[in-house]
Amino acid sequence: MTDISSVTSSASAFVGKQVADLNRVADSTKASFASALHHVETAIGIRAKTGFTAGPTYEATTIAGQTKAAFNNALNATKAALHIKP
């Protein structure tokens, strides 16, 4: 006869390893998603890249701030080329 305790302990160990692996994958997925979300929020200007939440340093790290800076630079270059003084 086969000893059922060895089969039970083996199955229990197998299931325990699978659960541990799933928990590890879940934690890794949460961390990856949180990191990706933080990068997206920083890029579009929802969240500050540093401790700054306003001002030139904050605007320089957002897409909106970079777009505004590019527009202002183009406007200033056009004014300079056409000799328009404010």
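The values are calculated or read from the model by the stated rules, or taken from the named source; none is laboratory data. In this text, all values refer to a predicted model and were calculated from it rather than measured experimentally. Positions of Cβ are generated from backbone atoms using ideal geometry, with glycine treated the same way; all protein chains shown enter the neighbour counts.
Do the conditions hold for ALA43, that is, is it surrounded by 12 or more Cβ atoms within 10 Å (Cβ to Cβ), within 21 Å of the chain's Cα centre (by Cα), at pLDDT below 85 and not in a loop (DSSP other than H, G, I, E, B)? It is true that ALA43 is surrounded by 12 or more Cβ atoms within 10 Å (Cβ to Cβ), within 21 Å of the chain's Cα centre (by Cα), at pLDDT below 85 and not in a loop (DSSP other than H, G, I, E, B). Criterion applied to ALA64, ALA26, ALA48, ALA81 was being under 18 Å from the mean Cα position of the chain (by Cα) and either exposed (fewer than 10 other Cβ atoms within 10 Å of the Cβ) or at pLDDT 85 or above (or both), and the one residue passing it is ALA26.
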